[in-house]
Amino acid sequence: MKSIFLFQINLGIYLKDKNSEFSVLVDRSVGGSSILDGQLELMVHRRILNDDSRGVAEALNETVCVSNKCTGLTVLGKYYFRIDPVGEGARWRRTFGQEIYSPFLLAFTEVVNEWLLLEVSAFL
């Protein structure tokens with residue numbers, strides 16, 4: 001069996017050739033790799049019933065039990081795909097990645113005395 005190295009992908013991964021960039025953004029950590037040129041492999045959830053001797057020294061058989069009935073854990077992820085001309089995919093990966101992971105922007109400033117005098121008693 002061929003050994004495959006998967007790297008942790010927290011936001012996304014992309015491929016490019018001389019004309020285009022193919023980007024994939026994810027909503028959760030997954031394993032990812034490009035074993036062959038032009039191909040991507042993503043692994044959402046690894047589930048095996050026997051130890052495969054690849055590092056954890058145990059079976060990876062997570063289950064969910066509801067009303068005394070147990071089934072294998074199902075993990076669903078969201079994938080966002082886009083094809084851009086070379087050099088233009090990074091902007092989309094950054095901006096859309098922020099929308100996926102940080103939909104709200106929190107901003108802070110120093111408190112000044114004038115603000116304290118406004119006597120705002122409720123938030124709208």
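Every read-out reported here was derived from the displayed coordinates using simple, explicitly stated rules and does not represent laboratory data. Model, not experiment: these values are computed from the prediction. Neighbour counts are summed over all protein chains in view; Cβ atoms, including those assigned to glycine, are modelled from backbone coordinates with ideal geometry.
If you place +1 on the Cβ of every Lys and Arg, -1 on the Cβ of every Asp and Glu, and leave all else neutral, what size is the dipole of the chain about its Cα centre, to the nearest 20 Debye? Working shown, then result.
Working: 13 positive and 15 negative charges, 106 e Å.
Charge dipole of the chain: 520 debye, to the nearest 20.
Restricting attention to the alpha-carbon atoms of the chain, what are Rg (one decimal) and Dmax (integer), both in Å?
Calculated on Cα positions, Rg and Dmax stand at 22.3, 71 Å.
Taking 7 Å along the Cα-to-C-beta vector as the label spot, tell me the N68-V56 distance in nanometres, rounded to one decimal.
Using points 7 Å along Cα→Cβ, the separation is 2.9 nm.
Evaluate the distance, in nm, between pseudo-label points positioned 7 Å from the Cα of L49 and of L76 along their respective Cα→Cβ axes.
2.5
What is the chain's relative contact order, in percent, from Cα pairs under 8 angstrom and six or more apart in sequence? Display every interim value, and only then the final one.
Details: 151 pairs, mean separation 29.4, N = 124.
Taking the mean separation of contacting Cα pairs over the length of the chain, I get 24 percent.
Suppose only helical runs count, i.e. DSSP H with n ≥ 4. What mean residue ellipticity at 222 nm does that imply for the chain under -39500 (n - 2.57) per run, divided by all residues and rounded to the nearest 500 deg cm²/dmol?
Values: 2 runs with 17 residues, N = 124.
The helix contribution divided over the chain gives -4000 deg cm²/dmol.
Roughly what percent of Cα-Cα pairs across region 18-84 reach past 18 Å? Numbers along the way, then the final one.
Numbers: 1263 of 2211 pairs.
Roughly 57 percent, rounded to a whole number.
Under 17 Å Cα to Cα from K16, which aspartates and glutamates show up? Leave out anything in the same chain fewer than 8 places away.
By straight Cα distance, K16 reaches D37, E41, D84, E88.
Between S34 and T109, what is the label-to-label distance in nm when each label sits 7 Å out along the Cα-to-Cβ direction?
Rounded to a tenth, the inter-label distance reads 4.4 nm.
For helix 89-101, report the angle its Cα long axis makes with the longest principal axis of the Cα atoms of the chain; keep it between 0 and 90° and round to the nearest 10°.
Roughly 70 degrees between the two axes.
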